[in-house]
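What follows is a set of notes on a single structure, which appears directly below.
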Amino acid sequence: MSNQTTHVATAPTSQRPDPVTTTVEQSRERPRLSARGVVAAYVALTKPRIIELLLVTTLPVMFLASHGLPKLGLAIATMLGGLLAAASANVFNCVIDADIDEKMRRTRRRPLPRHQVPRRSALIYGVVLGIVATVVLGFGTNWLSAVLALVANLFYVFVYSMLLKRRTWQNTIWGGIAGCFPPLIGWTAVTGHVGWEPLVLFLIIFFWTPPHTWALSFRYREDYKAVGVPMLPVVKEAPEVAIQILVYTVATVATSLVLWPVAHMGWIYGVVAVLAGAVFIVEAIQLLRRAKAGLRDALLKPMRLFHWSNTYLSVLFLSIAIDPLIHL
């Protein structure tokens, strides 16, 4: 039997595909989505869970301003316009933060980091939502409410997302102003003017935002640190952050009690504000105790305060809606 040599043709090294490069390129290709998947991706860009909280602080104020049930058509126009305005702001935020969202555990599965939606399409989507929101509020309620929603949108995009978020630990304090506008929008939609009542509600949300956000930031401190976002738990030690949380929590509860005489609220609101506020303060004190005891990360249990802060705001504003109905 004669010896035969088998030659295997190989491509020059310079022509072989680099497995690492190929993997990266494939990961950046926009995946093929079904129609349902596309809709889900665009909905996810609007951050629906955040919108829910904003609407919770809008509709009850309309009950207060109406001294009872607001007109159905007015309520629908206000809620729809507010939803679209908040959705627009959140879409822009996703576009601006796409680079850091891709690196954070909490956000890396959002549509832009997963390349489910082109960046340009997301920008157009945000603009369209903002325009439609302004039109709906302008013609469905009044132009004061429309302007307030537009100002909140622009503040969130340009002041918080682009200017403050990556530059200062006070980003949450001042950037949170954008989230304080829903009570103003709900009130002006009914009355056509700004009053003391919505201004107090504005301040309640202003003081509530830092402890709510800093508690969540505790949970994702390493993520924020890795991407260079100076959230307070990243730049300060846990006990100092917990003290700040307690201070703002007390300010939130105190301001909620100011609404009682200013808006001539009844006993339902008073009981809810006192009891829910007491639990909120106790949770903040317990967080401070754990921080001073040297507990960190999961042992600090910051999400207890975060979840209760959501419950507190929802219950408080629910009582704002119910109280006028009981005292008709």
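Here are the numbers:
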read-out: Single residue of ALA44, ALA86 found to be open to solvent by 20 Å² or more (accessible area, probe 1.4 Å) and either part of a helix (DSSP H, G or I) or at pLDDT below 95 (or both); value: ALA44
read-out: Answer from ALA87, ALA98, ALA77, ALA149 - the residue that is touching a residue at least 60 places away in the same chain (Cβ under 8 Å) and under 18 Å from the mean Cα position of the chain (by Cα); value: ALA149
read-out: Yes/no for THR172 being within 16 Å of the chain's Cα centre (by Cα) and closer than 23 Å to GLN244 by Cα; value: yes
read-out: Whichever residue in segment 183-220 is more than 20 Å from the chain's Cα centre (by Cα) and of a type in the set (Val, Ile, Thr) and, among such residues, is most open to solvent (accessible area, probe 1.4 Å); value: VAL194
read-out: Residues satisfying the stated conditions in segment 286-309, i.e. within 19 Å of LEU216 (Cα to Cα) and surrounded by fewer than 16 Cβ atoms within 10 Å (Cβ to Cβ); value: GLN286, ARG289, LYS292, GLY294, LEU295, ARG296, ASP297, ALA298, LEU299, MET303, ARG304, HIS307
read-out: The lone exception for CYS180 - which of (1) crowded, with 22+ Cβ neighbours inside 10 Å; (2) touching a residue at least 40 places away in the same chain (Cβ under 8 Å) it fails; value: (2)
read-out: Which listed residue is open to solvent by less than 70 Å² (accessible area, probe 1.4 Å), at pLDDT 95 or above and not small (Gly, Ala, Ser), from LEU148, LEU154; value: LEU148
read-out: Total residues in segment 222-266, condition open to solvent by 40 Å² or more (accessible area, probe 1.4 Å), among the small types (Gly, Ala, Ser) and not in a helix (DSSP H, G or I); value: 1
read-out: Residue match in segment 267-275 (condition: in contact with a helix residue (DSSP H, G or I) (Cβ under 6 Å, 6 or more places away or on another chain), more than 19 Å from ARG304 (Cα to Cα), buried (at least 16 other Cβ atoms within 10 Å of the Cβ) and without any contact (Cβ under 8 Å) to a residue 40 or more places away in the chain); value: yes
read-out: Single residue of ALA251, ALA189, ALA291, ALA284 found to be aliphatic (A, V, I, L, M) and touching an Asp or Glu at 6+ places or on another chain (Cβ under 9 Å); value: ALA291
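The values are calculated or read from the model by the stated rules, or taken from the named source; none is laboratory data. Here the structure is a predicted model, which is why all the values come from computation and not from measurement. Neighbour counts are summed over all protein chains in view; Cβ atoms, including those assigned to glycine, are modelled from backbone coordinates with ideal geometry. Accessible surface is based on the protein model in full, side chains and every heavy atom, while ligands, DNA and RNA are left aside. Shrake-Rupley method; radii C 1.70, N 1.55, O 1.52, S 1.80 Å.
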